[in-house]
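Here is the structure we will look at, set down as structure tokens.
The values are calculated or read from the model by the stated rules, or taken from the named source; none is laboratory data. Note that this is a predicted model, so its numbers are computed, not measured. Every residue, glycine as well, gets a Cβ built from its backbone with ideal geometry; the counts of neighbours run over all protein chains shown. Remember, those area values only see protein heavy atoms, side chains included, never the ligands or the DNA or RNA. Shrake-Rupley method; radii C 1.70, N 1.55, O 1.52, S 1.80 Å.
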Amino acid sequence: MELKLKLYLQESIMQKGHEANAGSTILKGFISPFDAAVVERSSAASIDIAGRVSVDEFSVLTITDDQPEEITPAVERVVADLSGEAGPATAVLCNDLFGKVRRQAAAHNLYYLQPSYGTVSRYGLIPSASSMDQIGILTSNLTDAFMLLTKLAGKDERDGAMYPETAYDYGINSDSHKDKDGTGHTPIRLAFPSNVWAKKADSSACTALFTEQPDRFDIVSCELKYFELFRQVLYILSCAEICNNTNRYDGIKFGYRSPNYKSIGDLYVNSRSEALGLDAKLTIIMGAKVLAQENYTPLYEQAMKIRRLIKEAVNFSDYDVIALPTSLSGEPYEESALHALTALAGLPSITLPEGGGIQLIANSKREDLLYRAWEVLKV
Amino acid sequence: MNYEVVMGLEVHVELATESKLFCSCSAKFGADANENVCPACAGMPGMPAVTNKRAVELGIAAALVTNSKITEVMSFDKKNYFYPDLPTGYQITQLYAPICTNGSVEIETTAGKKIITLKQIHIEEDAGKLVHDHRTGTTLVDFNRTSVPLTEIVSNPDFRTADEVVAYLEKLRSLLSFAGVSDCKMQEGSMRCDVNISVREAGSSQLGTRTEIKNMNSLKAIVRAIEYESQRHIDALSTGSEVLVQETRRWDDNKGETFSMRGKENATDYRYFPNPELMPVRIDAAWIEAVRNELPESAADKFARMTGEMGLSEYDSRIITGSKNLSAIFDETLRFFNRPKDVVNWINGELLSIAGGDNKGSDDINIDCERFARLIGLVDSNTINRTIGKELLVKVLKDGIDPEAYIAEHQLGNITDTGFLEQLADEALAENEPSVKEYLEGNQKVIGFLVGQIMRKAEKKADPKAVNELVQKKLSALH
Ligand SMILES: [Zn+2]
């Protein structure tokens, strides 16, 4: 079936001949020398790129701004298209490291599909935190997003961190999944981690979505272990990786070079000082600190260990899907914890506006369960 | 007081892969500046690193020939520093789980045999090259070398003399070049080393202050640098002339001394951390066996085979197995002319003297072995004589001529008309009556002179053996 979409790219995704600046002055005027894998695959599926939308500098966490959070350009784009003439749904390919796009998506009645780490090639994605970077889909139509993902996902030899499967269909084409009354399906075991939901003032709207359909969902109780450490682990590891990945912006071969230098040291310091934003600088300094010899063991290595514990603690033999809220307090750093599990454990998720905002997280490469859940919910 | 010099070596060897370690650019030496560059190895964002499997295989081969313990799951780390020859701002290397550890290499010096133990071998990427233009005062960067795969072989501080260091480097070169791991050419920079050196009182178990001489790429310079640096340490310890500090030094070959690299290089925190974009590489027993089965013959095995079943002399076999390239020429030529003794004589005699006359090392000889074999065959069958054969070898080596075609074109073949040869012999004998008389008086030596005269008349195009027989026949008829 032909898929019609208005497809946009965040500025961190390469599109040959177009500027790809990852939201940074340091990459102003940097023209993509090639197409990202997702661009190649989109065009192979006859989906044109409708345009590009700007992005927070290297997708870093915005924490220096005291102002109320502004709407991100990706969300703004989809909202604008929705209010315009009727036509195909809009989708934006994003790298939503800290969950900002997902939080806002739910608040603006939009959807987000985050694929399993290692299923969509990052060839052509300007890296932020390589072990967590993941191209996801912000959209007004989640069913179309799943369709799009079947076109984008699959092994690419040019990305060294991918699963071997060359294609995925998420059960979209399987007849049983089109079966709306659920015969032949055991209910999806859905876990509401009590330690997380307890923080939410009123979660009844969310749970009601599922308890109304007892033959389709089994509500399972569980605890999300280490949840109180999620944001720190995410922050420590991502800062380190972003710090390292931005070393390349040194003013030598490409990107911004300060006119003010007499020595190579000046050239580095001034180019980076003049062209990187405050949040990016803070992230880089934090990352350098975390990786410094004296901090490596107590901070970086410790965070790596906890990351492993977090992964191991998510036990998909007791449940199929974990349900988490998309927002709690509205404070970005605190809320990044809600979106840390997908980043730290490389898990797929869907974010829905229904019930005031909910995200469903499945085991790696089990997007089919998310699709099934969505098929039930959308009716 | 007696002092003991203690040294450890870090040897960098370029892996003989077709392509770079994390992208598909060519890793070949000698291209024009920035010819072998893509966005990835130029440090641009957006191309994830992908490990070159062949580089890992060559690393496994290096582990096997150095009796090292191969790491089951090896991984890569990132080493952060800023320098214009490093476009990504980090070097991908191995710190936490290198490809192998605990190896050993047996060396032999005039003092006898000794085992040098290895701490580890790891794989890493090379950096680019800075070219300073003094005329314009600018510095240009050549990225051809960035991300070319290297292994670093780190020994324990087992060396006591420069002799041992040289023997070790030669042994490593033999082991690694025969295993196909690297061509180990010091002059092209595909093998270079850092020497860690300290001096202590003989008998002490404490190590002295250690200095590191970086980036040495000639055996001669290494020996001189070790002599200089160990003497500097001894002087400092015995006279208190200076206080030794742990530091990195460089060797100035013109001045014949080492000098300190002051400043940053001695105090950098490289902020190593595991490379998050590359999956750890599992090296299972099956993979190791597959590499082992494809390991080419080692120099030692080849030597044993040459002196054993081929019946060649130890002297000749040592020359051939002293160079991977000569060994390859030997093997390849044998495929076309399967007489080891003859082939060895041609290589160790004619070929090396020709190549040496051109100031080329045995590692750089590049010859069409099939033509070389045909040439040997032509001399063997008396189609041409050995003198002309040697002249033709020069042309095969340098111009790549086809021996048969060249012989036909220039009429260099031996005179096969026996009547004509007899005529030349008769002339020679008639022209040199005094020599003939000497022979009749019992002087055998004049035979050689007479053969020479005939060869000259034949413009060298005769088989000296046949001419010799002819002269003997003619002379004995005079009795
Ligand atoms: Zn390249």
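Orientation-averaged projection of the protein assembly as shown equals 51.8 nm² [convex hull of Cα atoms, one quarter of hull surface area]. Quote the Stokes-Einstein diffusion coefficient, in whole µm² s⁻¹, for segment B:297-410, based on the Kirkwood radius over alpha carbon pairs, a temperature of 20 °C and a viscosity of 1.002 mPa s. Estimated diffusion coefficient is 151 µm²/s. The fraction of Cα-Cα pairs per 20 angstrom bin, counted from 0 for chain B, comes to 19, 42, 25, 12, 2 percent, rounded to whole percents. On a 0 to 90 degree scale, rounded to 10, what angle separates helix A:367-377 from the longest Cα axis of chain A? Tilt of helix A:367-377: around 60 degrees.
Can you give me the % of accessible surface on chain A that is carbon or sulfur? Probe 1.4 Å, all protein chains present, nothing else counted. Result for chain A: 50 percent of the exposed heavy-atom area is carbon or sulfur. Cα centroid separation, segment B:101-139 to segment A:216-233: 50 Å.
Each distinct pair of alpha carbons in segment A:32-155 adds a 1/r term; the inverse of their mean, the Kirkwood radius, is 15.1 Å.
For segment B:155-188, backbone nitrogen atoms closer than 20 Å to the point 7 Å from B:ASP331 Cα along Cα-to-C-beta are found at B:171-185.
By the Stokes-Einstein formula, at 0.890 mPa s and 25 °C, segment B:208-354 with its Kirkwood radius over alpha-carbon pairs has D equal to 118 µm²/s. A Förster radius of 41 Å, combined with the Cβ-Cβ distance separating B:GLU10 from A:GLU19, puts the computed FRET efficiency at roughly 0.40.
Between 0 and 90 degrees, the angle of helix B:464-478 with respect to the longest Cα principal axis of chain B falls at about 30 degrees.
In this simple spin-label approximation, B:LYS129 and B:VAL243 carry label points 7 Å from Cα along the Cα→Cβ vector, and these lie 4.1 nm apart. The apolar share of the surface of segment B:242-362, taken as the fraction of accessible area on carbon and sulfur atoms (1.4 Å probe, ligands and nucleic acids excluded), comes to 48 percent.
Less than 18 Å from a label point 7 Å out along the Cα-to-Cβ axis of B:ALA300: which backbone N atoms in segment B:95-118 qualify, by residue? Answer for segment B:95-118: B:102-118. Cβ-Cβ distance of A:GLN67 and A:SER317, R₀ of 51 Å, FRET efficiency by 1/(1 + (r/R0)^6): the value works out to about 0.70. Measuring against 27 Å, Cα to Cα, the residue pairs A:LYS155/B:LYS129; A:LYS289/A:LYS311; A:LYS155/B:LYS28 contain A:LYS155/B:LYS129; A:LYS155/B:LYS28 as the ones spanning a longer distance. GNM on chain A, alpha-carbon springs under 10 angstrom: the most fluctuating residue among A:SER46, A:SER238, A:SER128 is A:SER46.
Accessible-area loss of 40 Å² or more (1.4 Å probe, protein heavy atoms, chain alone versus all protein chains) is found in segment A:207-248 for A:ASN244, A:ASN247, A:ARG248. Residue-normalised convex hull volume from the C-alpha trace of segment B:1-108: 192 Å³ per residue.
Here the spin labels are modelled as points 7 Å beyond Cα on the Cα-Cβ line, and at A:ALA107 and A:ARG308 they lie 3.8 nm apart. Per q in 0.18 1/Å, what log10 I(q)/I(0) does a Debye calculation on the alpha-carbon atoms of segment A:80-143 return? So the normalised log intensities are -0.68. On the protein heavy atoms, probe 1.4 angstrom, tell me the percent of accessible surface of segment B:418-476 carried by carbon and sulfur. Percent of accessible area from carbon and sulfur atoms in segment B:418-476: 52.
Rolling a 1.4 Å probe over the heavy atoms of the protein chains gives segment B:418-476 an accessible area of 58 Å² per residue. Mean residue ellipticity, 222 nm, helices only, the protein assembly as shown: the sum of -39500 (n - 2.57) across DSSP H runs of n ≥ 4, divided by residue count and rounded to 500, is -11000 deg cm²/dmol. Rg/Rh for segment B:3-282 stands at 0.97; both radii use Cα atoms, and Rh follows the Kirkwood definition.
Checking every one of the chymotrypsin sites (Phe, Trp or Tyr not before Pro) in segment B:1-65 against DSSP loop status and a limit of 13 other Cβ atoms within 10 Å picks out no site at all. Across all directions of projection, what mean area in square nanometres is found for the Cα convex hull of segment A:256-379? Averaged projected hull area, Cα only: 11.6 nm². Within the straight-line cut-off of under 23 Å between alpha carbons, the lysines reachable from B:LYS390 are B:LYS341, B:LYS360, B:LYS398, B:LYS457, B:LYS460, B:LYS461, B:LYS465, sequence neighbours fewer than 8 places apart in one chain being disregarded.
So if I average 1/r over every pair of distinct C-alpha atoms in segment B:418-476 and take the inverse, what Kirkwood radius in Å does that give? When all Cα pairs of segment B:418-476 are included, the Kirkwood radius is 11.1 Å. The length gained on full extension between B:ASP364 and B:ASN293, counted as 0.36 nm times the residue separation minus their Cα-Cα distance, comes to 22.8 nm. Over the Cα atoms of chain A, the radius of gyration divided by the Kirkwood radius equals 0.97; this is the Rg/Rh ratio. Note on segment A:185-251: along the principal axes its Cα atoms extend 59, 29, 20 Å, ordered by decreasing extent.
Heavy-atom accessible surface of chain A, averaged per residue, reaches 39 Å², computed with a 1.4 Å probe.
Between segment A:50-129 and segment A:289-328, the alpha-carbon centres lie 24 Å apart. Between A:ILE264 and B:ASN338, the FRET efficiency estimated from the beta carbon spacing at R0 = 51 angstrom works out to 0.25.
Using the Cα centre as the reference, give the magnitude of the dipole from point charges on the C-beta atoms of chain B (Lys, Arg: +1; Asp, Glu: -1; all else neutral), rounded to the nearest 20 debye. Dipole of chain B, to the nearest 20 debye: 560 debye. With a 1.4 angstrom probe, the accessible area lost at the B-A interface totals about 2800 Å².
Normalised by residue number, the volume inside the convex hull of the Cα atoms of segment B:364-430 is 94 Å³ per residue. Within the straight-line cut-off of under 23 Å between alpha carbons, the lysines reachable from A:LYS151 are A:LYS4, A:LYS6, A:LYS16, A:LYS178, A:LYS365, A:LYS378, sequence neighbours fewer than 8 places apart in one chain being disregarded.
The distance between label points at A:SER204 and B:ALA221 comes to 8.1 nm (points 7 Å beyond Cα on the Cα→Cβ vector).
To the nearest ten degrees, helix A:73-83 and the longest principal axis of the Cα atoms of chain A are 50 degrees apart.
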